[in-house]
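Student: First the structure, which I've put down as structure tokens, then a few questions once you've had a look.
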Amino acid sequence: MTTTVFLFRNDLRLTDLPGLAAASRAGDVLPLYILDDAAAGDRALGGASRWWLHHSLQALGEEIAQAGGQLNLLRGDSAACLRELLASRDITAVHCSRAYSPWEVALEAQLREACNALGVTFKRYPGTLLHEPEHIENQSGAPFKVFTPFWRHCCRAEAPAQPVPLPSETTWAEPLAQGAPLRELELLPTNPNWAAHWSTLWTPGSEGARKTLERFLQDRVQHYASGRDHPAEEATSRLSPHLRFGDISPRQVWHTARATLQQQPALEEQINKFLAELGWREFSYHLLFHFPSIEHAPFKSQFENFPWLGNETLLRAWQQGQTGYPVVDAGMRELWHTGYMHNRIRMVTASFLTKHLLTHWRTGERWFWDTLVDADPASNTASWQWAAGSGADAAPYFRIFNPVTQGQKFDADGVYVRRWVPELAALPDRYLHRPWEAPAAVLEEAGLSLGSDYPQPIVDHREAREAALAAYQEIRKG
């Protein structure tokens, strides 16, 4: 009987893993996860994502145990760990799901080399995208650079493959003697444990992902197209961290959503809008694969010379939710307390940092990388570059979100702001998104002292907008 290692990566589930199914058909399966922070470099997981990884690995381990096996955990250099394992066990192949970020592509080459040197087959399989990047091209045979034609092409292409079940006759190889307990990966925060309450907010793992998708398609999707822009409404799927760590595959989401649409044709607009958001994730990965430099450099080269300011005091105010603009502060506080931020508010807060504060998009991207449970190397980068105006299919630079009107439009009754900025709770709706304009009597009645209980705006919107446009004009001249 042959033994195949299945190396888990961003795919912490047992269903719809073509590589795992192939390994099962070939013989015994040795399930393995290696935490390799050194290989990841500056893409080593941030604190919030490490919390999610811990619990997703825990859930995967329990799932494998119920199936009669044991998840093996190692920490260190992936190639070295694999070479040691292959030298000590009779293993014929190593399978994994393909990854697309620059460091993961480089790691795959190292793992292939290590396997080949020992006469072991190394094989990658699809599983983390709807379509492989090489399969989606424009009429010139080049990668798409604009989302709408990209997604239109995807929707006209052959439908994503059906999810692959794990064979019922799967047999598991004997566990590794040198495997590490999950706690030794040191993924959870301590001193202080700032995520102590997160287990009441999230359920990492494939079962949590399945229930989250089910709940969304049974209820929230009915108002998705309009409700998704309103942060106080429970209209979004909240599947992003599950997709990030592969608790569920995009193909599972796609086919489940399409099945719901067949049963309820009246939901066509809502479900198509939801699937388009899955398409943005897809587009982001295609960009990262074809243009890997976008992790660090602007997609639009003219932004190489943009005169970013990078004021540390203003940055700290933004990070702490103390900008004086309520909807921005609500978003930043939601992020800190939950590891998540509503998508509309992500756009508003990113626009504020890059355009009101003229702070480099990489600075904001790094903060989100550390604080989001769904911090994704493709979506995080593409979305920040979109907000900054430097990315593919980016918002025009002169489109500068007004944080007051954004709050008034998408949080008109102030439910979202009052939840996360409780010091403003007693202000009437009229002044909630612009407290600095409230008369003294109104502030007194609300028990609010601006500059003490809540800050004055750290920048004036009109002046900041003019400064951002002037900076943009400078690089256009160049």
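Laboratory data are not the source of any read-out in this text; all were calculated from the coordinates shown. None of these values were measured; they are calculated from a predicted model. Virtual Cβ from ideal backbone geometry, glycine too; neighbours counted across all protein chains shown.
Student: Name the shape class, rounded, prolate or oblate, that the alpha-carbon gyration tensor gives for region 134-193, where a ≥ b ≥ c are the square roots of its eigenvalues, rounded holds for a/c under 1.5, and otherwise prolate holds if a/b is larger than b/c and oblate otherwise.
Tutor: oblate
Student: Just subtract the alpha-carbon distance of Asp370 and Arg215 from 0.36 nm times their residue separation and send over the number in nm, one decimal. The partial results should precede the final answer.
Tutor: Values: separation 155, 0.36 × 155 = 55.80 nm, distance 2.81 nm.
Answer, rounded to one decimal: 53.0 nm.
Student: Considering only DSSP states other than H, G, I, E and B, which chymotrypsin sites (Phe, Trp or Tyr not before Pro) in region 133-223 qualify as loop sites with at most 16 other Cβ atoms within 10 Å?
Tutor: Qualifying residues, ordered by number: Trp194.
Student: Would you mind ranking Asp393, Asp453 by Cβ crowding within 10 Å, fewest neighbours first?
Tutor: Going from sparsest to densest Cβ surroundings: Asp453, Asp393.
Student: Also: About the Cα centre of region 345-478, how large is the charge dipole given +1 on each Lys and Arg Cβ and -1 on each Asp and Glu Cβ? Please answer in debye to the nearest 20.
Tutor: Numbers: 14 positive and 17 negative charges, 106 e Å.
I would put it at about 500 debye.
Student: Where the only charges are on Cβ atoms (+1 Lys, Arg; -1 Asp, Glu), what is the dipole of the chain about its Cα centre, to the nearest 20 debye?
Tutor: For the chain, the charge dipole is close to 760 debye.
Student: For region 422-469, state which GluC sites (Glu not before Pro) are in a DSSP loop and have at most 14 other beta carbons lying within 10 Å of their beta carbon. Please list the in-between numbers first.
Tutor: Working: sites: Glu423, Glu437, Glu444, Glu445, Glu463, Glu466; in loops: none.
Taking region 422-469 and a limit of 14 other Cβ atoms within 10 Å, no loop GluC sites (Glu not before Pro) are found.
Student: Using r as the Cβ-Cβ distance of Glu134 and Gln262, and R0 as 22 Å, what FRET efficiency do you calculate, to the nearest 0.05?
Tutor: In this case the efficiency is close to 0.15.
Student: Report, in debye and to the nearest 20, how large the dipole of region 2-127 comes out about its Cα centre when Lys and Arg carry +1 and Asp and Glu carry -1 on their Cβ.
Tutor: On the way: 12 positive and 14 negative charges, 39 e Å.
Dipole size: approximately 180 debye.
Student: So, one more: Highest mean first, what order results for 48-60, 99-111, 331-343 on Cβ atoms within 10 Å?
Tutor: Working: 48-60: 22.9, 99-111: 17.7, 331-343: 21.2.
Ranking the peptides 48-60, 99-111, 331-343 by packing returns 48-60, 331-343, 99-111.
Student: Have a look at Leu85, Ala297, Gly127 and report the one farthest towards the positive end of the charge dipole of the chain, computed about the Cα centre with Cβ charges (Lys/Arg +1, Asp/Glu -1).
Tutor: Ala297
Student: Could you order peptides 302-311, 353-362 by the average number of other Cβ atoms within 10 Å of their residues, highest first?
Tutor: 353-362, 302-311
Student: Right, here's the next one. If you rank Tyr325, Tyr125 by fewest surrounding Cβ atoms within 10 Å, what's the result? Intermediate results must be reported in sequence, preceding the final value.
Tutor: Numbers: Tyr325 29, Tyr125 19.
In order of increasing Cβ crowding within 10 Å: Tyr125, Tyr325.
Student: Report, in deg cm²/dmol and to the nearest 500, the calculated mean residue ellipticity at 222 nm for the chain, where each DSSP H run with n ≥ 4 adds -39500 (n - 2.57) and the sum is divided by the residue count.
Tutor: Value at 222 nm, helices only: -14000 deg cm²/dmol.
Student: Starting from the Cα of Lys300, draw a straight line to each of the lysines and keep only those under 18 Å, dropping any in the same chain fewer than 8 residues away.
Tutor: Cα-Cα hits under 18 Å: Lys145, Lys355, Lys477.
Student: Please give me, ordered by residue number, the GluC sites (Glu not before Pro) of region 151-257 that lie in loop per DSSP and have at most 14 other Cβ atoms within 10 Å.
Tutor: Passing both the DSSP loop test and the Cβ count: Glu158, Glu169, Glu186, Glu234.
Student: Would you mind counting up the charge near Asp374? Only other residues with Cβ under 12 Å from its Cβ, with Lys and Arg at +1 and Asp and Glu at -1.
Tutor: +2
Student: Follow-up. Applying 1/(1 + (r/R0)^6) with R0 = 30 Å to the Cβ-Cβ distance of Ala80 and Phe398, what FRET efficiency is obtained, to the nearest 0.05?
Tutor: With R0 = 30 Å, the Cβ-Cβ based efficiency is 0.05.
Student: Relative to the longest principal Cα axis of the chain, at what angle does helix 47-66 sit, 0 to 90 degrees, rounded to 10?
Tutor: Roughly 30 degrees between the two axes.
Student: Kirkwood Rh over alpha-carbon pairs of region 301-477, then Stokes-Einstein at 4 °C and 1.567 mPa s: what D in µm² s⁻¹, rounded to an integer?
Tutor: 78
Student: Next question, about the same structure. Just one of (i) -0.37, -0.94; (ii) -0.29, -0.96; (iii) -0.23, -0.81 is log10 I(q)/I(0) by the Debye sum over Cα atoms at q = 0.06, 0.11 Å⁻¹ as worked out from the coordinates here. Which one is it?
Tutor: Label (ii) holds the value from this structure.
Student: A further question follows. In whole angstrom, note down how far apart the Cα centers of region 268-342 and region 4-71 are.
Tutor: 28
Student: I want to check the label-to-label distance for Asp90 and Ala26. Put each point 7 Å from Cα in the C-beta direction and report it in nm to one decimal.
Tutor: For the pair Asp90/Ala26, the computed spacing is 1.6 nm.
Student: Cα gyration tensor of region 2-127, axes a ≥ b ≥ c as square roots of the eigenvalues: rounded (a/c below 1.5), prolate (a/b > b/c) or oblate? Present the calculation step by step, with values, prior to reporting the outcome.
Tutor: On the way: a/c = 1.57, a/b = 1.09, b/c = 1.44.
Oblate is the answer for region 2-127, as a/c is 1.5 or above yet b/c matches or exceeds a/b.
Student: Which one of Asn343, Leu275, Val146 is farthest out on the positive end of the charge dipole of the chain, using unit charges on Cβ (Lys, Arg +1; Asp, Glu -1) and the Cα centre as origin?
Tutor: Sorting the options by dipole projection puts first Val146.
Student: Find how much the distance from Trp336 to Ala159 grows on full extension, using 0.36 nm per residue of separation minus their present alpha carbon separation; answer in nm with one decimal.
Tutor: Between Trp336 and Ala159, full extension yields 59.9 nm more.
Student: In addition: Can you tell me how region 373-466 classifies by the Cα gyration tensor, rounded, prolate or oblate, using a/c under 1.5 as the rounded cut? Don't skip to the end; give the middle numbers.
Tutor: Values: a/c = 2.64, a/b = 1.93, b/c = 1.36.
Since a/c reaches 1.5 and a/b is larger than b/c, the shape of region 373-466 is classed as prolate.
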